[in-house]
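Here is the structure we will look at, set down as structure tokens.
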Amino acid sequence: MTTATTPDLGSIQTASPYILIVDDAAGHIELMRDAFASSPLKTEICTATRIDEARARISERMPDLVICDLFLPDGDGVHLLPAGERETAPTHWPNPTPGWSDSTSWRSDERIE
């Protein structure tokens with residue numbers, strides 16, 4: 001008769017989720033960084049303020065989660081998704097991908113130039 005052994009879970013190393021935050025409002029990026037920093041889940045955060053910058057980050061490393069503003073200086077954030085712009089969107093995309101728009105923060109002093 002063989003007995004099953006339980007692995008030592010303390011020796012298993014798990015990778016931190018890699019999260020891409022795409023927003024041109026500095027306050028939004030800071031708020032999300034703080035939220036993830038206060039979470040018990042250890043994460044790796046990367047940011048972009050424009051669609052072209054986000055595409056460059058994605059080409060370097062595919063994120064586990066993308067949080068994307070819908071209105072960015074160089075276009076509509078939905079164009080990062082495969083259904084938004086088929087020619088330039090990544091062919092493999094992580095899920096989920098929350099998107100939002102905060103129309104109250106269109107003041108130029110809150111935007112990252």
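Restricting to region 51-69, name every residue that is in a loop (DSSP other than H, G, I, E, B) and either hydroxyl-bearing (Ser, Thr, Tyr) or buried (at least 17 other Cβ atoms within 10 Å of the Cβ) (or both).
Applying the first criterion (in a loop (DSSP other than H, G, I, E, B)) to region 51-69 yields 61-64.
Residue satisfying the conditions is Pro63 alone.
Among the charged types (D, E, K, R), at pLDDT 90 or above and in contact with a strand residue (DSSP E or B) (Cβ under 9 Å, 6 or more places away or on another chain): is that true of Glu85 in this structure?
Working: among the charged types (D, E, K, R): yes; at pLDDT 90 or above: no; in contact with a strand residue (DSSP E or B) (Cβ under 9 Å, 6 or more places away or on another chain): yes.
No: the conditions fail for Glu85.
The values are calculated or read from the model by the stated rules, or taken from the named source; none is laboratory data. Values in this document were obtained by computation on a predicted structure and should not be read as measured data. Glycine gets a Cβ as well: all are built from the backbone with ideal geometry, and neighbour counts include every protein chain shown.
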